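See below for the structure under consideration.
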Amino acid sequence: MDAARTAAVPGAVDMEQPAQAQKIKAADEQVRVALGLLDELVNNAGEMSIYRSRIELQLNSVNFNLLELAQTVNRLREQLRKFEIEAEAQMLFRYEKSGVSDSEEFDPLELDRFSNMQQLSRSLVESVGDLGSIQKLLDNLTRESEILLLQQSRVGSALQDGLMRTRLVPFSSVVPRMRRIVRQTAKELDKQIELHVLGAEGEMDRSVLNRLTPALEHMLRNAVDHGIEAPSARAKSGKTDGGNITLKFWREGPEIVLSIADDGAGMDLAAIRKKALERGLMEKDSDLTDNEVTQFVLEAGFSTAKKVTQISGRGVGMDVVNNQIKQLNGTLQISTAKGQGTIFIVRLPLTVSVNQALMVHVGEQTYAIPLMVIDGVVRAGREELEKLQRDEHLRYEYGGHSYKFFHLGTVLNISQPQLPDAGVKIPLILARAGDHRVALHVEAIVARQEVVIKSVGPQVATVIGISGATIMNDGGVALILDLSSLIRAGIAHTKRDQGAVLVAAKISNIMIVDDSITVRKVTERLLTRNGFETVTAKDGVDALAKLQEYLPDVMLLDIEMPRMDGYELATAMRNDARLKNIPIIMITSRTGEKHRERAMAIGVNMYMGKPYQDKELLENINTLLHTRGN
């Protein structure tokens, strides 16, 4: 009876199940969550990444200023030590001068007969000690903050990965729909076509798949209608009556790749070239491969069809498909071979919200280039750049590959290439753009950064070369470049004069060398407001280190500095063949004729006293720049 009663109690059997079975059951439990809520959570995780990056930037600035504070405290401590020695020496001097008898047992120091000056110096020493303690405390706090930020970064990345996994669905979920599209379209056109699907077990983001499906359907209809020939035409070409379309899905590094390949007649390249020339999309002698010419079918309103059918097209061209893929931060490439077929390749980032990019400075703007297309970064000097610019057939050779040279600012039509100074090397980004390998000349590389991809909307998405936007660490907005379409457009329209050289006109660079933080900041703000680029150094040793990679047009130099003063730095520069022609304006509180004569003897171009007038400084800088330019 006890056994019967036990069996009748609800849940009694579950209580006796093994712990492992309980865990399996818990693991199989699922919760239904609205897709909109998941999208909002993923977006919030991306925003967290942006804010973390901004905090890291601010923390780096705090660390830099703490280093400056530490150096200032050390300098102040040394100055107080000298002041204290001087004060005690003066007290002993007054004691000896007063003629007090030597029979006194104690001197003033032993009897603590200090003046107000000595007492103030002792108080200042104690204050400097307190200041040093505060500085060390702040150092410890910033180090702890860096550790916390690192931990938060790891947790944030894990959160993003987890949220992305919740949105993944197998690609096989849309395969029946694709088969039905091919079957119905082939039946209407009286064609025998079979769809082969490979890698359908792969997973991708649900929202991306839902938005991508109409584009895939359109490409499949195009393949059935325009790509694969009628049975009679295939028989004449020695092919089987039935055509084949292969839909393949796979993952390649940080990307998801989809390809739609048919074994049809291929695209009519002659008709595409003719249409592109008529519409002004390319020059007659442009260096475009056949595969690059096929990309013109992605332009708005571009079509070589003699009539629009209800099967494919229907008023919606491949430009709409391409724009849809671009809004997903992806790219679409087309390759074709006459009589063998056409392949459409769609590449999408693995995550729709976060990606790795290289931030570069071009002209006065900052752009993001996805790391997935970058082979590497090298540096080139003035002579090498001049050769690459003059000869459009010359290639940059690196790692067994040839790279066609481009200035990114010229391709974007926002700036002209600048001629670097002798001995200075500037970065070249080696990238893959479709069938081309290109070496992109940029003004500077800012940093490698994790970027949160933002949609730019349908208006900007139609602009060639733009695939999205991101928010930088400082809160500014940077556009994400689509190198494939950008370089293709550059090749199609570029006609360079064989005698062309890099443009020498550029913004003037000023180096400010002063041990005072206040002077450096004030002077830097003044010059920046007046259109100059600046770099600062806290003493002569720091300046020499920066001069190894940076050659300014003018240097503003103080005299009295720790480690290496202004006279020593100016002497070292005038004895260096690479640095001797840099104009120097010496700005100092030492306005005596003796100091001026020594500076001029070393080779300083101008000598100014502190405080100076802003107008006078700007006039002197412009005078030296004009003299150097002549």
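The values are calculated or read from the model by the stated rules, or taken from the named source; none is laboratory data. Keep in mind that this is a model prediction, so the values were computed, not measured. No Cβ is skipped: glycine too gets one built from the backbone with ideal geometry, and neighbour counts run over all protein chains shown.
A compact table of results
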item	result
S61 more than 30 Å from V169 (Cβ to Cβ), modelled with pLDDT of 85 or more and surrounded by fewer than 12 Cβ atoms within 10 Å (Cβ to Cβ)	yes
Qualifying positions in segment 474-516 - part of a helix (DSSP H, G or I) and either modelled with pLDDT of 85 or more or under 23 Å from the mean Cα position of the chain (by Cα) (or both)	L483, S484, S485, L486, I487, R488, A489, G490
Checklist (1) under 22 Å from the mean Cα position of the chain (by Cα); (2) modelled with pLDDT under 80; (3) of a type outside the set (S, T, Y) applied to R448, failing item	(2)
Wholly within segment 546-630, helices (runs of 4 or more DSSP H) carrying at least 1 residues that are within 30 Å of I445 (Cα to Cα)	566-574, 614-629
Any hit, segment 221-231, residues being modelled with pLDDT of 90 or more, surrounded by 20 or more Cβ atoms within 10 Å (Cβ to Cβ) and outside any helix (DSSP H, G or I)	no
Residue list for segment 386-402, restricted to those being assigned to a strand (DSSP E or B) and either in contact with a helix residue (DSSP H, G or I) (Cβ under 8 Å, 6 or more places away or on another chain) or outside the structural domain of H436 (by TED's automatic domain parsing) (or both)	Y396
Some residue of segment 324-334 being in contact with a Gly (Cβ under 7 Å, 6 or more places away or on another chain), more than 30 Å from V451 (Cα to Cα), at pLDDT 70 or above and not assigned by TED's automatic domain parsing to the domain that holds L479	no
Residues of segment 360-404 classified as farther than 20 Å from V424 by Cβ and touching a Ser or Thr at 6+ places or on another chain (Cβ under 6 Å), total	2
Total residues in segment 159-189, condition assigned to a helix (DSSP H, G or I) and under 14 Å from M204 (Cα atoms)	11
